[in-house]
Amino acid sequence: MNMRAEAPDAETPPPPLMSERRVSIIGALLVALGPVSMALFTPALPEIVEAFGTTEAAVKMTISLYFAGFAVAQLFCGPLSDGLGRKPVTFAFIAIYVVASFIALISPNIETLIAARFLQGFGAAVGVAVSRAIVRDLFTNESSARIMNLVGIILAVGPAFAPTLGGLTMQIAGWHAIFILMLVAGLVIALIIHFCMRETVERDLSRISPKALVHSYGLLLSNGYFMLSSFVIAGAVGALYTQATVLPFILMDNVGMTPAEFGLGMLAQSGMYFVGAVAARQLMKSLGAYRLVPIGLTAIGVGSLLLVFALTLFEPSFIGVMGPVGVYAFGIAFVMPAMMTAGLAPFPRIAGSASSLTGFLQMTTGLAGGTIAALIGDPVLAMVLIIPTLGTVAIVAWIIWNRLPEPTLATALRHGPTGPV
């Protein structure tokens, strides 16, 4: 139906500065840095409570403040990359991440660790904003959706094994060693940026003047097409970030899993996302990216309902928790490529700002969910209340987006590759 189903690529452009494969790999590494840094850390949460003699609520702040740093930085790194260039801004923020990882490694108390985690999130935020902007700089429509999908496939591998790696590392060398892994990862990515990443925009300081920033964000916030696309993504992915603050306590405290078992158990989530991304890549060839969105949202709805059913009628168990979580994650893989492409398509000149605002909404949703979960106190009750609510947000936003008047959609598509925005 209309542009969502069969939006053709614009007329053939000159060869891009980087191939689809290179953009996919660099983009996946940059995007993965944030969730991997979070997933590596989650098996250590209960032990850090004891190590610093603090409370679960205080330790959960290391997750919440990580989200806060990630969300706040989104508002800066994208617009800065529009004006200063993708490559120097990416390098600068990764440097912040590396320094923060070292501070976390030597933290003498929980307060220092919380501050370091905030800075880590601040630095890692550049990956989401810039990688998606680079895709928009070089590719549109189905080409963009293919890259977003491939990024998702590669992205699934890192967070899938990160909790396992974090749990095993902690058992072998203690929780401090987890931050050594993060420090090394940051340094490796910095080298990749230097040697493999090409600049995709011309330096233009006028794009980052206060007036230009206010105009850009005002334009995006007032655009229903963009905001609804972003809320579909925020509702879907925000649930994953919220789960990161409660699943360690449900699976280790309520179900009784060890940190290593928890790490292995999280493969159910990332593994199902990986399966969904591979399936979406195959179906995209025949159906197109946009026709996959309702399939994904159906899975998100089913996963939400199963979660409520399992946790309200039965005692928490691994299958009862991770089964619905896996179904939810499977659905996200069908939703992300099309909705991310749709949200950025009308804004080529401010792709960094558009990507940043989408990421900000996504991370803010996760932060809000995690904060509410911490206030609720009971992680099981938090899962039952928050995750289905976020799934509903994604579904309702898509239903409204899908009913936008045809002229609005046609205008957005027409301005996507070449418009003046």
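Derivation of every value follows stated rules applied to the coordinates shown; laboratory data play no part. If you're wondering where the values come from, they're calculated on a predicted model, not measured in any experiment. Glycine also receives a Cβ, built like all others from the backbone with ideal geometry; neighbour counts cover every protein chain displayed.
Here are some notes:
- Among PHE76, PHE314, PHE360, the largest mean-square fluctuation in a Gaussian network model of the chain (Cα springs under 10 Å) belongs to PHE314.
- Along the axis of the charge dipole computed for the chain (Cβ charges of +1 for Lys and Arg, -1 for Asp and Glu, origin at the Cα centre), the listed residues THR200, LEU221, ILE295 are led at the positive end by THR200.
- Euclidean distance between Cα centres, region 182-220 to region 308-350, Å: 28 Å
- Of PRO346, PRO316, PRO35, the one that fluctuates the most in a GNM where the chain has Cα springs shorter than 10 Å: PRO316
- Contact order, relative form, for the chain: 26 percent (alpha carbon pairs under 8 Å, 6 or more residues apart, mean separation divided by residue count).
- Estimated dipole of region 21-418 in Debye, rounded to 20 [Cβ of Lys and Arg +1, of Asp and Glu -1, Cα centre]: 1440 debye
- Among VAL321, VAL214, VAL31: highest mean-square fluctuation, GNM of the chain, C-alpha pairs under 10 Å: VAL214
- Burial order of peptide ranges 330-343, 244-257, 196-209 (average beta-carbon count within 10 Å, highest first): 330-343, 244-257, 196-209
- Separation of region 227-273 from region 48-120 is 20 Å, based on Cα centroids.
- Relative to the longest principal axis of the Cα atoms of the chain, the long axis of helix 224-249 makes an angle of roughly 20 degrees.
- Solution diffusion estimate, µm²/s, Stokes-Einstein, the chain, Kirkwood Rh from C-alpha pairs, 10 °C, viscosity 1.306 mPa s: 75 µm²/s
- Cα gyration tensor category, rounded, prolate or oblate, for region 43-196 with a/c compared to 1.5: prolate
- Spin-label pair LEU385-ILE180: with each label point 7 Å from Cα along the Cα-Cβ axis, the two points sit 4.1 nm from one another.
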